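**Q** I'd like to ask you about the structure that follows.
The values are calculated or read from the model by the stated rules, or taken from the named source; none is laboratory data. All figures in this text were calculated on a predicted structure; none of them were measured in a lab. Here the Cβ positions follow ideal geometry from the backbone for every residue, glycine too, while neighbour counts run over all protein chains shown. Ligands, DNA and RNA are stripped out before the accessible areas are found, and what is left, the full protein with its side chains, is counted by its heavy atoms. Shrake-Rupley method; radii C 1.70, N 1.55, O 1.52, S 1.80 Å.
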Amino acid sequence: MMTVAVLLLSLLLSDLTTSQIPNPTQYRFTLTTDGIARERYAIDKQVGKMSRLWFSNIGDEEFGGNQDIYVRDDGRTYLFNFMSQPRQCIANRGGPYNEMNYWPNLVQSFGGEQKKYDELIFDADCDGTCLTWKTEFNRTYEHYRYVNRLYVKKAEQKPIKMVTRAYNLDTGELVSTSITKFTNWITGKVPDYEYDYPMDLETCYKP
Ligand SMILES: *[C@@H]1O[C@H](CO)[C@@H](O)[C@H](O)[C@H]1NC(C)=O
């Protein structure tokens with residue numbers, strides 16, 4: 001009897017954890033919008049290290065972009081600026097910036113990690129079933145209704161993409177679709193090379 005109760009409880013709990021938005025404290029992913037790589041995040045709250053890389057506009061001949069690396073033990077957030085001439089490094093005190101919380105902020109914006117999914121959708125990007133969460137809002141000055149949907153691959157509990165659709169407020173006609181994809185998403189221990197400094201820290205300006 002006891003065994004059955006425990007089994008039932010664990011089944012219930014596992015269903016709960018597999019139906020809510022994943023919100024790990026160790027993860028990394030590359031963010032692309034409409035096919036263009038924009039940002040890369042590597043976060044390890046346990047170890048106290050974070051990296052955010054953001055690329056300049058595609059079409060640039062040279063590599064361009066910036067990187068923030070936060071190291072809790074140093075109490076610094078290093079900004080490596082590859083878009084300035086010459087390239088430079090600034091070792092700011094404290095951190096991390098709010099954007100280092102990209103994933104928790106996104107989870108919050110879809111109702112928090114306890115929120116159960118809204119709908120199951122069969123989708124090629126999930127190789128099958130996606131759990132999806134939806135938010136919507138109106139922008140009356142643009143005269144659009146926006147619908148945002150987050151897709152998580154059901155089988156692996158892995159965030160896949162976010163689709164934003166704009167509709168005409170009066171006619172309901174679809175005006176635009178924008179797709180943000182989370183690629184190379186992993187959870188668990190983040191490889192240390194994600195936090196390798198791309199420049200000699202000796203050259204950093206320390207305000
Ligand atoms: C947005 O506008 C539509 C059409 O006027 C309305 O039906 C809907 O309730 C509004 N949604 C929100 C979130 O305000």
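**Q** Within region 145-160, track down each residue that is open to solvent by less than 50 Å² (accessible area, probe 1.4 Å) and on the phi < 0 side of the Ramachandran plot.
**A** Result: TYR146, VAL147, ASN148, ARG149, LEU150, TYR151, VAL152, LYS153, PRO159, ILE160.
**Q** Conditions first: (1) within 16 Å of the ligand (Cβ to nearest atom); (2) at positive phi; (3) surrounded by fewer than 14 Cβ atoms within 10 Å (Cβ to Cβ). GLY111 passes all but one, so which condition is the exception?
**A** (3)
**Q** Here is a follow-up. When only residues in region 84-100 that are of a type in the set (S, T, N, Q) and open to solvent by 40 Å² or more (accessible area, probe 1.4 Å) count, which is farthest from the chain's Cα centre (by Cα)?
**A** If we take residues in region 84-100 being of a type in the set (S, T, N, Q) and open to solvent by 40 Å² or more (accessible area, probe 1.4 Å), then GLN85 is farthest from the chain's Cα centre (by Cα).
**Q** Something else: Return yes when GLU142 is closer than 27 Å to ARG28 by Cβ, open to solvent by less than 80 Å² (accessible area, probe 1.4 Å) and out of contact with any Lys or Arg (no Cβ under 9 Å at 6 or more places or on another chain) and no when it is not.
**A** Answer is no for this residue.
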